[in-house]
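Trainee: Below is one structure. I have some questions about it.
The values are calculated or read from the model by the stated rules, or taken from the named source; none is laboratory data. Since this is a predicted model, take the numbers as computed values, not measurements. Cβ placement follows ideal geometry from the backbone for every residue including glycine, while neighbour counts extend to all protein chains displayed.
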Amino acid sequence: MSRYIAKAAIRGANLIVGEAEQMVEAAVAELGASTPVAFTNTAYHLPVILGFTGMEVDNLGELREAVAYAKRLLNAMPGESLWLPYLGETLDAGAATLLATEAIEAVRFARGLQPEPIPGLHLTGTSFTSPDNNGGGADGGHANGPIDDIQLRAWGIQLVDGRMPGFAAIIGAARSNEAAVSIVRELQKRNILVFLSGNVNGRSIIHQLMEEGVEMGYDTYIVPFGTDTISAIYALGFATRSALTFGGMSGGQTRDILLYNKYRVFAFALALGEVDDLKYAAAAGAINYGFPVIADTLIPQILPSGITSYEHVISMPFDDIPGDNDTERARRLVQRCMEVRGVKIKITDVPIPVPYGSAFEGERIRKADMRVEFGGSKAQAFEYLRSVGLDEIEDGKIEVVGPGFDDVPEGGAMSLGIVVEVAGRKMQEDFEPVLERQTHYWVNGASGIQHIGQRDITWIRLSKAAVDKGFQIKNLGDILYARLHADFGAILDKVAVTIYTDPDKFQEWLAKAREAYQARNVRLADMVDESIEEFYSCTLCQSFAPNHVCVISPERLGLCGAYNWLDCKASNQINPTGPNQPIPKGICLDPVFGVWQGSNEFAYQNTHQTVERVTLYSIMQDPMTACGCFECIAVVIPEANGVMVVSREDPSMTPAGMTFSTLAGVAGGGLQTPGMMGVGKYYLLSRKFISADGGFKRIVWMSSVLKGMMADELKGVCEREGDPDLLDKIADERSATTVEELLPFLEEHQHPALAMDPIF
Amino acid sequence: MSVAMPNVNETWTGKILEVTLGAGPDKGGTRGKTVTVGGETTLPFLHFEGEIPNKPVVAVEVRDRAPDDWSELLVKAWGDSLKDPAAWAAKAEGLGAEIIALSLDSAHPERGNTGAKEARETVRQVLKATSLPLIIYGPGQPDKDNEVLVAAAEEAAGERVALGNCEEKNYRTVVAAALANNQVVIAKTPIDVNLAKQLNVLIGDMRLDRDRILIDPTTGALGYGLEYTYSVMERVRLAALTGDSALQQPLIVTAGYEAWRAKEARTNDGVPTQWGDWAKRAVLWEANTAVTLLETGADILVLRHPETIPLVKRAIAGLMTRAGA
């Protein structure tokens, strides 16, 4: 905590509490202790005082007690030689400031001085709190004062259901009228409620907006509270009442109310112009609610997170913000506010000139219908997603570097590289491939666009029809931008897409991408079950296989092939209550068979007490259950002392005397059947593939489609197993469809399984 | 010779929460009657094994506009009252309904596109016309649901109505409206225990009290997937009784809606004569659907036909009678 800020805040708090005390005493002397005090049209008394202290203040006498409470929260200023953290003192000073400012406004109400008269300010929308008050200006113009309960409910619902991400309490005056309008417009664009108060040398942002003809009031979501800092208390009164109304809390549940706001109300304070002691003190008050403060002047910052989710105080001097004009600077300032508070952007539509939806995913573009292709046999294409720092990219920037396809003849090809850069506080490097792989589905969702492959074997075709409708290279970026925010908004804050068609740049980035692919391969190879603390569950299929749980480890992906360990990890980040839950491994009960206390307990509980024990590395002993979605089925062939692996895509008869579909009926349904197990095809490549039973060398038969599909990978595995020709020793449906045919084949090729320990 | 019979009673650790609909003047509402469901500590009607403190109840569906796709039989049975939700509700109460399930169907963009103002008016009229607690359904289109359910929740403030449906797509708004106005929500998920659980967890995260949620697990009609939904409900209830606190709410099923979608109930056109008397068949279709769901744990049954009401209530009365009592 910055000593400078602490001192200023405590100084400010002392001052304002003193002022409140004087005002209340004077009012009691003049009007009497029983004079009622109330904000109009609220059932929550003086809400901040109610929230913090539980006191239901209804008259001046009671208000006196509230101020006394504030006074007790005050601390001495940290001495020059005190180097303790003074966070607690500062927060208390902030709380005292809030109580005092609310008391001051209450006295002003009692004296008929609120809402503040502002000649010329006429609010739009029904303002229940602002009846014709005695103090209205010459023309009856006035600020809004506190928000009434009816409006609180209407907005509160939108805050709770997420349609309105949060509110911005702006205090002071902007650098220029242009900046003032731009800041407010940027906030409105994001559906953020704008509260205005404060001034700099007598000039308030309220004045600035009035001069620019910006309408204020409930209808425009811009609420002017008043032209002094004190009126900013109404913002926190609103926050407190949100917690009381929607959080089911009651006055005095201070901690709960503050936490509710921290986690559910995405609000922040934006201090425009010079920050004086009172503003520091009020800022300290806002931090109690988890609301960070962003200043557009040079002030000390408080960067570590703690009371707020991210930074506490950020300084972003307006003049130093890059940009050609104040509008651009304002946009960047608001963008920064969003990041600091963690406000997420919502995108519902993919802005491209062709229809978009999952219904178009399976579309094929024939050569005759094709305008241009990227990749394929005549050109090259790649896609590469990487994470960068939050300040390294600008959200929404989509750029094409190089020429379009206008000069490419119809049906021709060109090289193209898609580089997606993402930034987010919850983004992890591990998620890069998870997100990148989605490119295939996302791009395919556009009507008239076909996407095949991944990484540097990407192949994209644009149909003539799509291009006729106006589809351009840049639209690929639009798709990715929209979908990344929509699907991975929980872990991302910013997305930028650059598409390279310029030959030199293309080569340059292709080299970078390949380096990254290589690094990922190595990383993935290093990621073993022993190197992590948690497995992940997948219960997605319990709707039809109620007693099945997939336990997914780095070396054993889900049996459907769709979820590996990293996918599950990302999925859990995005949807913490979803079907992928972390399973702490707990004590390892058997390293050979792959049995952990944690996975056993999880399986027992989530199979509804059906499966008590599950091994990760064995087909013979307590094998993992299967839902029915498996890519392959592994089945023990006792006569051959090994296992066969049948692919879902293989319709032929197998040496077990059953086809895939017959086997599937036995293997699925969440039952533990020793000797039979549904698996994802990439599990075959794992070092932990039935390692307790002898591993890959046990495979005596494998559908030829698998041999073809994973030829290179399988070759690698055979080499790893020290038997480079092993794949040729494994039979398939072309060489054997009965045990009688299988055994001579294995003898002839000297399959290692024949010489291994009995599998039973 | 006496044979010792082993005691096979289960000892369940979980208990279904009691959820109350409707509030009388003592609780800030105007309802003459309130309904409490739930509270079971055993599987349906196993009185020898645990407590079943509250009987299941019958809700009757009332729409804010005369339905144009309802079976002739229903239209005939309700007559002119179909045109006036208040009259319809009053008639349903007279026929034995214990809850009025008001559907703000006219808010649907294709069926009138009415808004918050009309919703308030309808709710006000129906509250006036009946002393029973209300369930209020939106038109089933997320944007319009949000619009009219929020208005309805406000209009019925203090009455402890159930707002439905609260689904994955719009639960936040409906729950917020319930929080702000002290109402109950109906959490509906498509025939899946885990989805039901997840939605309840998400609603709980928004801090709505656990006893202000009803689970609609989505059901099918007799002959149209009833057995599948039956076993899903059974699993919800088993999970609840074995201690899964995220599933311990009472179950509500829309038996009438489901049954009257089935050809067997809806129409007599082109059906074999062996199917017998249409009117009788249709009512039995609905009653059978409802009673089957009762056996797997339904606490509130939303019905459509006047003649189904006494049939189902008779079944409930019978099932609630303890053997030997």
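Trainee: Go through the range B:240-285 residue by residue and tally those that are assigned to a helix (DSSP H, G or I), touching a helix residue (DSSP H, G or I) at 6+ places or on another chain (Cβ under 9 Å) and within 14 Å of chain A (Cβ to nearest Cβ). Show your work before the answer.
Mentor: Filtering the range B:240-285 for residues assigned to a helix (DSSP H, G or I) gives B:240-241, B:245-247, B:255-259, B:263-266, B:273-275, B:278-285.
With touching a helix residue (DSSP H, G or I) at 6+ places or on another chain (Cβ under 9 Å) added as a condition, the list becomes B:240, B:245-247, B:255-256, B:258-259, B:264-266, B:275, B:278-279, B:281-285.
Filter once more, so that each one left must be within 14 Å of chain A (Cβ to nearest Cβ): B:240, B:245-247.
Summing the residues that are assigned to a helix (DSSP H, G or I), touching a helix residue (DSSP H, G or I) at 6+ places or on another chain (Cβ under 9 Å) and within 14 Å of chain A (Cβ to nearest Cβ) in the range B:240-285 gives 4.
Trainee: Same structure, new question: Being outside any loop (DSSP other than H, G, I, E, B) and on the phi > 0 side of the Ramachandran plot is the filter here, so list the residues in the range B:73-132 that pass it. Spell out how you get there, then give the answer.
Mentor: In the first step, residues of the range B:73-132 are kept if they are outside any loop (DSSP other than H, G, I, E, B); the result is B:73-83, B:85-94, B:99-103, B:105-107, B:116-129.
Scanning the range B:73-132 gives a single hit, B:GLY79.
Trainee: Looking for something within 13 Å of another protein chain (Cβ to nearest Cβ) and in contact with a helix residue (DSSP H, G or I) (Cβ under 8 Å, 6 or more places away or on another chain) - is there at least one such residue anywhere in the range A:569-577?
Mentor: Within the range A:569-577, one or more residues are within 13 Å of another protein chain (Cβ to nearest Cβ) and in contact with a helix residue (DSSP H, G or I) (Cβ under 8 Å, 6 or more places away or on another chain).
Trainee: Suppose we keep only residues that are on the phi < 0 side of the Ramachandran plot, of a type outside the set (A, V, I, L, M, F, W, C) and more than 8 Å from chain A (Cβ to nearest Cβ) within the range B:182-203. Which one would you say is surrounded by the most Cβ atoms within 10 Å (Cβ to Cβ)?
Mentor: Filtering the range B:182-203 for residues on the phi < 0 side of the Ramachandran plot gives B:183-190, B:192-203.
Of the ones still in play, those that are also of a type outside the set (A, V, I, L, M, F, W, C) are B:183, B:188-190, B:192, B:194, B:197-198, B:200.
Then keep just the ones that are more than 8 Å from chain A (Cβ to nearest Cβ); that gives B:183, B:188-190, B:197, B:200.
Working: B:GLN183: 28, B:LYS188: 23, B:THR189: 24, B:PRO190: 12, B:LYS197: 23, B:ASN200: 25.
The selected residue is B:GLN183.
Trainee: On to the next question. Any residue in the range A:523-542 that is within 14 Å of chain B (Cβ to nearest Cβ), over 27 Å from the mean Cα position of the chain (by Cα), over 20 Å from A:ILE418 (Cβ atoms) and buried (at least 17 other Cβ atoms within 10 Å of the Cβ)?
Mentor: Restricting attention to the range A:523-542, the residues satisfying the condition of being within 14 Å of chain B (Cβ to nearest Cβ) are A:537-542.
Remaining after also requiring over 27 Å from the mean Cα position of the chain (by Cα): none.
Scanning the range A:523-542 turns up no residue that is within 14 Å of chain B (Cβ to nearest Cβ), over 27 Å from the mean Cα position of the chain (by Cα), over 20 Å from A:ILE418 (Cβ atoms) and buried (at least 17 other Cβ atoms within 10 Å of the Cβ).
Trainee: Can you find even one residue in the range A:530-542 that is closer than 30 Å to A:HIS608 by Cα, in a helix (DSSP H, G or I) and touching a helix residue (DSSP H, G or I) at 6+ places or on another chain (Cβ under 9 Å)? Reasoning before the result, please.
Mentor: Filtering the range A:530-542 for residues closer than 30 Å to A:HIS608 by Cα gives A:530-542.
Subset that is in a helix (DSSP H, G or I): A:530-531, A:540-542.
Those left that are additionally touching a helix residue (DSSP H, G or I) at 6+ places or on another chain (Cβ under 9 Å): A:540, A:542.
The answer is yes; a qualifying residue exists.
Trainee: Only residues that are surrounded by fewer than 24 Cβ atoms within 10 Å (Cβ to Cβ) and either assigned to a loop (DSSP other than H, G, I, E, B) or not assigned by TED's automatic domain parsing to the domain that holds A:VAL666 (or both): list them for the range A:622-649, please.
Mentor: A:ASP622, A:GLY628, A:CYS629, A:GLU631, A:ASN641, A:ARG648, A:GLU649
Trainee: Give just the number: which of (1) assigned to a helix (DSSP H, G or I); (2) in contact (Cβ under 8 Å) with a residue 60 or more places away in the chain does B:LEU311 not satisfy?
Mentor: (2)
Trainee: Which one is nearest to B:ARG63 (Cα to Cα), of the residues in the range B:152-165 that are modelled with pLDDT of 95 or more and outside any strand (DSSP E or B)?
Mentor: B:ALA152
Trainee: Among the helices (runs of 4 or more DSSP H) lying completely within the range A:207-306, list those that include at least 2 residues that are over 26 Å from A:GLY54 (Cβ atoms).
Mentor: Values: elements: A:233-246, A:254-264, A:277-288.
The helices (runs of 4 or more DSSP H) meeting that bar are A:277-288.
Trainee: Continuing with this model, one more query. Could you tell me whether B:GLU167 is under 25 Å from B:GLU286 (Cβ atoms), among the acidic types (Asp, Glu), over 16 Å from the mean Cα position of the chain (by Cα) and more than 10 Å from every other protein chain (Cβ to nearest Cβ)?
Mentor: On the way: under 25 Å from B:GLU286 (Cβ atoms): yes; among the acidic types (Asp, Glu): yes; over 16 Å from the mean Cα position of the chain (by Cα): no; more than 10 Å from every other protein chain (Cβ to nearest Cβ): yes.
The answer is no for B:GLU167.
Trainee: What's the number of the only condition in (1) closer than 22 Å to A:GLY628 by Cβ; (2) free of Cβ contacts under 8 Å to residues at least 12 places away in the same chain that A:ASP567 fails to meet?
Mentor: (2)
Trainee: Still on this structure: Looking only at the range B:109-128, how many residues end up being in contact with a Pro (Cβ under 8 Å, 6 or more places away or on another chain) and either surrounded by 19 or more Cβ atoms within 10 Å (Cβ to Cβ) or of a type in the set (A, V, I, L, M) (or both)?
Mentor: Residues flagged as in contact with a Pro (Cβ under 8 Å, 6 or more places away or on another chain) and either surrounded by 19 or more Cβ atoms within 10 Å (Cβ to Cβ) or of a type in the set (A, V, I, L, M) (or both) within the range B:109-128 amount to 2.
Trainee: Which one of A:LEU46, A:LEU60, A:LEU50, A:LEU121 is without any contact (Cβ under 8 Å) to a residue 60 or more places away in the chain, buried (at least 22 other Cβ atoms within 10 Å of the Cβ) and not polar (S, T, N, Q)? Steps first, please.
Mentor: Numbers: A:LEU46 fails: without any contact (Cβ under 8 Å) to a residue 60 or more places away in the chain; A:LEU50 fails: without any contact (Cβ under 8 Å) to a residue 60 or more places away in the chain; A:LEU121 fails: without any contact (Cβ under 8 Å) to a residue 60 or more places away in the chain.
It is A:LEU60.
Trainee: Which of the residues that make up the range B:58-72 are outside any loop (DSSP other than H, G, I, E, B) and either surrounded by fewer than 23 Cβ atoms within 10 Å (Cβ to Cβ) or in contact with a helix residue (DSSP H, G or I) (Cβ under 6 Å, 6 or more places away or on another chain) (or both)? Lay out the reasoning, then the answer.
Mentor: Taking the range B:58-72 as the starting set, the residues that turn out to be outside any loop (DSSP other than H, G, I, E, B) are B:58-63, B:72.
Selection gives B:VAL58, B:VAL60, B:GLU61, B:VAL62, B:ARG63, B:GLU72.
Trainee: Something else now. Does the range A:157-179 contain at least one residue that is among the charged types (D, E, K, R), closer than 30 Å to B:GLU154 by Cα and more than 14 Å from chain B (Cβ to nearest Cβ)?
Mentor: The first filter runs over the range A:157-179 and keeps only residues among the charged types (D, E, K, R), leaving A:161, A:163, A:175, A:178.
Narrowing the set further to residues that are closer than 30 Å to B:GLU154 by Cα leaves A:161, A:163.
Add one more test, that the residue is more than 14 Å from chain B (Cβ to nearest Cβ), and what stays is none.
No, every residue in the range A:157-179 fails to be among the charged types (D, E, K, R), closer than 30 Å to B:GLU154 by Cα and more than 14 Å from chain B (Cβ to nearest Cβ).
Trainee: Residues of the range B:204-228 being crowded, with 23+ Cβ neighbours inside 10 Å, within 12 Å of another protein chain (Cβ to nearest Cβ) and either of a type in the set (Val, Ile, Thr) or more than 17 Å from the chain's Cα centre (by Cα) (or both), which ones?
Mentor: If the condition is that a residue be crowded, with 23+ Cβ neighbours inside 10 Å, within 12 Å of another protein chain (Cβ to nearest Cβ) and either of a type in the set (Val, Ile, Thr) or more than 17 Å from the chain's Cα centre (by Cα) (or both), then B:LEU208 is the only one that fits.
Trainee: Do we have A:GLU65 as touching a strand residue (DSSP E or B) at 6+ places or on another chain (Cβ under 9 Å) and either assigned to a helix (DSSP H, G or I) or surrounded by 21 or more Cβ atoms within 10 Å (Cβ to Cβ) (or both) here?
Mentor: no
Trainee: In the range A:153-201, how many are among the hydroxyl-bearing types (Ser, Thr, Tyr), within 19 Å of A:ASP326 (Cβ to Cβ) and crowded, with 21+ Cβ neighbours inside 10 Å?
Mentor: From the range A:153-201, those among the hydroxyl-bearing types (Ser, Thr, Tyr) are A:176, A:182, A:197; that's our starting set.
Next, from what is left, pick out any that are within 19 Å of A:ASP326 (Cβ to Cβ): A:176, A:182.
Going one step further and asking which of them are crowded, with 21+ Cβ neighbours inside 10 Å, we end up with A:182.
Qualifying residue count for the region: 1.
Trainee: Considering only the range A:351-368, state which residues are in a loop (DSSP other than H, G, I, E, B) and of a type in the set (A, V, I, L, M, F, W, C). Give the derivation first.
Mentor: Initial filter on the range A:351-368 (in a loop (DSSP other than H, G, I, E, B)): A:351-355, A:357, A:361-366.
Result: A:ILE352, A:VAL354, A:ILE365.
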